[in-house]
1. Could you identify which residue out of G354, G102, G338 has the top mean-square fluctuation in a GNM of the chain using Cα springs shorter than 10 Å?
2. Taking R0 as 56 Å, what FRET efficiency do you get between T47 and N234 from their Cβ-Cβ distance, rounded to the nearest 0.05?
3. How large is ³J(HN,Hα), in whole Hz, for each residue of region 321-330 in order, when computed from phi with the Karplus curve 6.51 cos²θ - 1.76 cosθ + 1.60 and θ = phi - 60°, using x for Gly and Pro?
4. Roughly how much of R343 is accessible, in Å² to the nearest 10, using a 1.4 Å probe?
5. Going 7 Å from the Cα of E73 in the Cα-to-Cβ direction, what parts of region 89-106 have a backbone nitrogen less than 18 Å from that spot?
6. Give me the one-decimal nm value for the distance between modelled label points at R136 and K334, 7 Å along each residue's Cα-to-Cβ direction.
7. Under the rule of -39500 (n - 2.57) per DSSP H run of 4 or more residues, summed and divided by the residues of the chain, what mean residue ellipticity at 222 nm is obtained, to the nearest 500 deg cm²/dmol?
8. Which distance in nm do the two modelled labels at I320 and D413 give, with both placed 7 Å along the Cα-to-Cβ direction?
Amino acid sequence: MRALKTIAATALLMAVSVSTSAMASDFIFGVGAHFAFTPQRGYLPETQKPLLADLGVSSFRDDVHEGAFTVAEPDHPLGRQLGRLNEVLLSRTLQPVLILKGRQLAATPIVRDAPTSPRERELFANFASRVVAGTRGYNAIYEIWNEWNMGWRPRKPVIGPMGPVSENSDYSPENYVETAKAAYQAIKAKNPDALVLTGSIGDDDGWVWSKRAMAAGLAETGDGISVHFYNHCNRPPDRTAENLIGKVESFHQAIRSAAPGRMLPLYITEFGWPTDKGPCDIPPDLAAANLAQFTLWAPTQSWIKGIWVYELRNSGTNPIEREDNFGLFDYDNKAKPGACLYREAIKLSRSLEGAQFRRTQPGLRWLDGKDKSGRPVWVIWTTARDSAGKISYRDGSPAAGRRLCDPGQGGSDRLSMVPLVIEPGSKSADQLVVQLTAP
């Protein structure tokens, strides 16, 4: 039987995370896409552009590989081989994040696309410069590489000239920083106002690669640090937004400590939860609730400037293949639960002024803000997997709210992992009583 914990929301409700009214207009809500990968991923502008519009995002993120980029033309800013991506770019409806990644430079003894010499860095910087020249009028954000660090400590040892090795020096943090510096300078020379993100850091145990990159000068290279966060292969109780928030905070503290004199804002250019049926599976409803929670939390942190869900739609149809099932929409462009909750969380976040979190008991998050008319708005959810709860007022009057993406309910006093939006009127926070049911 579940244990019932009743907590009166009184002195425990201290404000711990303050945002400003500017965050609603300045924060970037985005989504990853794969218009550049044709036909492997099956993205088509005519079918996916409406999905982007439906989400209400302000940005999309896609790849520009050096091997696919040819010559920029007025109607083909990324060259003729990237026609589908060009079409989305030309619509000028969303701010693009263009991932700049180099061509294959070596095939033996180890496949390599990381520049390792001054000449190779010069060639990569020249490619970056040409992309910027072709896309200068599109307000693009440029991200230097994609998960470079994943090549440094690959999941399986690579085979080098001396046999198996667990670290590949071509993808060292120091080599990345030198490559990023060259590209950053080339981009700024072509467009001084361009926003350039460096890092694009994937899974990094103990933040070892990240801290070494900071020591090598990453914080002086670029206008922001891009990073990717996932936890779907954690043990099942930890496949939650709350766990991912802890991971983000841990990373932020690590890089602050590594370079205390210089701190760049974070751009979380990938996060999400796949809904495959494999060993790291996430039920669609849990993935959706996680998305909503993370989307409401991130803009309240002044050091986070944008988030991009990975990805817009499923890239395949294999139900047990993880990489096929990250989408907010399925392969046939039908909305999964995450599409609605991401959309509604974005809308809610943009509608709030002065949002801040109140610290309550473990297992609960309480976002306290005001709507555009100055009326108080509370957003409350439980954080543990399969957790639930109930709200009421001390004086016995009914307490009720609307759960995101549940338009049919006339008002609910039930808490769950899906955020509940409450408009308390004249009621104060210390009048609310919260009962949590431990999972």
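The values are calculated or read from the model by the stated rules, or taken from the named source; none is laboratory data. All of these numbers come straight from a predicted model, not from anything done at the bench. Neighbour counts run over all protein chains shown; Cβ positions are idealised from the backbone, glycine included. Just the protein is used for accessible areas: all its heavy atoms, side chains included, with ligands, DNA and RNA removed. Shrake-Rupley method; radii C 1.70, N 1.55, O 1.52, S 1.80 Å.
1. Of G354, G102, G338, the Gaussian network model singles out G354 as fluctuating most.
2. Details: r = 34 Å, r/R0 = 0.60.
Using R0 = 56 Å, I get an efficiency of 0.95.
3. 8, 4, 5, 7, 10, 7, x, 6, 10, 7
4. Accessible surface of R343 is approximately 60 Å².
5. Backbone N within reach: 89-91.
6. In this crude label model, R136 to K334 measures out at 4.8 nm.
7. On the way: 9 runs with 114 residues, N = 439.
Theoretical 222 nm ellipticity from helices: -8000 deg cm²/dmol.
8. Placing both labels 7 Å along Cα→Cβ, they lie 4.7 nm apart.
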